[in-house]
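Below is one structure; the comments refer to it alone.
The values are calculated or read from the model by the stated rules, or taken from the named source; none is laboratory data. Not measured: the values here are computed from a predicted model. To get the accessible areas, we keep the full protein, side chains included, count just its heavy atoms, and leave off ligands, DNA and RNA. Shrake-Rupley method; radii C 1.70, N 1.55, O 1.52, S 1.80 Å.
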Amino acid sequence: MKKFAFALVALSAAFVAPAIAQGQNKSDWDKIVLEDKAGNVMTSTGGDYQTADVGKLLIVGEHMMLGDATKAKVVYYELDDEGKVVDKCVKDYTDPDTYIIDAVCTPAAAWLNGGHISGANAGVIAGAAVIGAALINSGSSKDNGAISTGAR
C-alpha cells in the first residue's frame, strides 16, 4: 500500500508542478490596480513618493511604501479584447516595508481566478483529495508502541 501511495504522490506532483509554475511565471497582466488600502500607501516611479488612492493603476517597477499599520491590496487583471476580466490575482501587503511592483503574481491567490475554479485547478484539488484519501487508508492497524521511549 505504501508503494501505491508513493506512486500517487509522484503522479500528482507531475501534474501539480506545471500548474504552479504556470501561475508563478504569469507576467502578461493587462493592468495592476491598488484595489484597497488601510492607512497611507505611497508610491514612486523614481521621484518623490506620493500618496496613492484606491483605484490607482500601478506599473511594473513602481515602488510602493507601507508604514506601520498600513495595508494594501493589489490586484492583477488579465482582460479579453473587449476589456472583460478573464483572470485576476490578488496580492495582499500587510507588513511595513517598501515593495517593488513586479510583473508576476503568485499562484496561491490566482488559483481561484476570482471565485471560479479552472479545469487545471480542479485537477490539482481532486489530485490532492485522492492522495489524502490514499494516505489515510494506507495506515497500519499494528500498534507501534509509544512515540518516544527515550530519556526525558
Ratio of the Cα radius of gyration of region 31-101 to 2.2 N^0.38 Å, where N counts its residues: 1.11
Non-local residues with an amide H under 5 Å from the amide H of Val41, with H modelled 1.01 Å from N and Pro and chain starts lacking one, are Ala52
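In what order, largest first, do Glu62, Glu35 sit by accessible area if the probe radius is 1.4 Å? Don't skip to the end; give the middle numbers.
Details: Glu62 5, Glu35 70 Å².
Reading off the accessible areas and sorting them downward yields Glu35, Glu62.
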Quick one: accessible surface of Ile59, probe radius 1.4 Å, all protein chains present, in square angstrom to the nearest 10. 90
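Quick check: at a probe of 1.4 Å, how many percent of the accessible area of region 31-101 sits on carbon and sulfur atoms? Write down the numbers at each step before the final one.
Working: 1910 of 4050 Å².
Whole-percent figure for carbon plus sulfur exposure: 47.
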Amide H proximity to Glu35 below 5 Å, modelled H, separation 5+ or other chain, gives Gly55, Lys73, Val74, Val75
Can you run phi through the Karplus equation (6.51, -1.76, 1.60; θ = phi - 60°) for region 70-82 and list ³J(HN,Hα) in whole Hz, with x for Gly and Pro? 9, 9, 9, 10, 10, 10, 9, 10, 10, 10, 7, 5, 9
Determine the relative contact order of region 31-101: mean sequence separation of Cα pairs under 8 Å and six or more apart, normalised by residue count, in whole percent. 35
Sequence of Ser44, Ser27 when ordered by accessible area, the most exposed leading, probe 1.4 angstrom: Ser27, Ser44
